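First the structure, in the form of structure tokens, and then the observations on it.
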Amino acid sequence: MLVRIGSRGSRLALVQAELAAEVVRGRGAEVALVPITTSGDRDRSSPFGQIGERGVFVKEIEEALLAGRIDVAVHSAKDMTSTDTSGLVVGAYLERDDPRDALVGAAELRPGMRIGTASVRRRAQLLRHDPSISVEPLRGNVDTRLRKARERGLDALVLAACGLDRLGLAAEIGLRLPPETMLPEAAQGALALQVRAGEEALVAHADHTETRRRVEAERACVAAVGAGCLAPVAAHHDGELLTALVAAEDGSWIERRSGSDPAAVAVELLEASAARQAA
């Protein structure tokens, strides 16, 4: 049996696809990796708001899965829309890696730093932490962003710790930012193996129950808030409690709430956000 696994074509994406391939091979299947270019890959300079909403790194891969050109799609779960695409399901979440954000190029956050990131979530939290920080847009794959940060003389950049770990670049990390300082993106650190509805058996044996519990709580909260990846929103479940936030992009305010029920946390955030915007 040949199983075609689709993913983005970046070095990190292919490393992640190989993790999925190991899972599938473990059941005796042959595997073919199918790199797919997404709209987010094609446009590496425009701000995310100019190339589409959340899902710019998964849309074309999902289309290939629905069309039968691949059998399993591998995604960084944080790149997915907060609700499942019709006809597709997450058949497995692999055990989650470090969900935290990482500061690269410095061991601490200092006043007046120039820090690179294209994420409005990171921007809002950095500016809330210290308004004197200058946040500069920086896009591209991990290697590209590391190079651009050096070329532009930035003091630091913020990347997902898990990506650096998977690429063998953990030594680049100066500080793994605690969630109290930088609440992660919902589902950050988790890999999702997506399949067509009814074909979950292809990957179900690899599903990590605790990762699914936490990640689906985070995704449910974000879905209830109704946020796309352009909204400064974050959600993280530490195993005991779900914490989520909504923020102003300029960091002028952040509302953070915690609880066990994703829907209830979302309602509290929406009410707090509405009050802030009406003030």
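Numbers below:
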read-out: Segments 89-100, 147-158 sorted - mean Cβ within 10 Å per residue, highest first; value: 89-100, 147-158
read-out: Theoretical gain in end-to-end length, Arg25 to Thr181 [0.36 nm per residue, Cα-Cα removed]; value: 52.2 nm
read-out: Heavy atoms of His208 accessible to a 1.4 Å probe, total area in Å² rounded to 10; value: 60
read-out: Net charge of neighbours whose Cβ lies under 14 Å from the Cβ of Glu249, counting Lys and Arg as +1 and Asp and Glu as -1; value: +3
read-out: Within-10-Å neighbourhood charge of His236 [Cβ basis; K, R +1; D, E -1]; value: -1
read-out: Average Cα contact separation per residue, the chain, under 8 Å, 6 or more apart, as relative contact order %; value: 22
read-out: Accessible area in square angstrom per residue, the range 57-179, 1.4 angstrom probe; value: 39
read-out: Estimated FRET transfer efficiency when R0 is 22 angstrom, pair Glu200-Val15 (beta carbons, to 0.05); value: 0.35
read-out: Burial ranking of peptide ranges 193-200, 174-181, 244-251 (average Cβ count within 10 Å, highest at the top); value: 244-251, 193-200, 174-181
read-out: Förster radius 30 Å - calculated FRET efficiency between Thr37 and Asp238, Cβ distance, rounded to 0.05; value: 0.25
read-out: Formal net charge of residues neighbouring Arg213 (Cβ-Cβ distance under 13 Å; K, R +1; D, E -1); value: -3
read-out: Cα-projected label distance for His208 with Gln277, points at 7 Å along beta-carbon direction, nm; value: 3.5
read-out: Ranked packing of 11-21, 104-114, most packed first, by mean Cβ within 10 Å; value: 11-21, 104-114
read-out: Heavy-atom accessible surface of the chain: percent carbon and sulfur, 1.4 Å; value: 50
read-out: Charge dipole of the range 106-243 about the Cα centre (unit charges at C-beta), most positive-ward option of Thr117, Thr211, Ala224; value: Thr117
read-out: Inter-probe distance in nm under a simple model that places probes 7 Å from Cα toward Cβ, at Ser86 and Trp253; value: 3.7
read-out: Virtual spin-label span in nm between Thr144 and Ala170, 7 Å along Cα→Cβ; value: 2.7
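The values are calculated or read from the model by the stated rules, or taken from the named source; none is laboratory data. Everything quoted here is computed from the prediction, not taken from an experiment. Methodologically, a virtual Cβ is constructed for each residue, glycine included, from the backbone with ideal geometry; neighbour enumeration extends over all protein chains shown. Just so you know, the surface numbers come from the protein's heavy atoms only, side chains and all, with ligands and any DNA or RNA stripped out. Shrake-Rupley method; radii C 1.70, N 1.55, O 1.52, S 1.80 Å.
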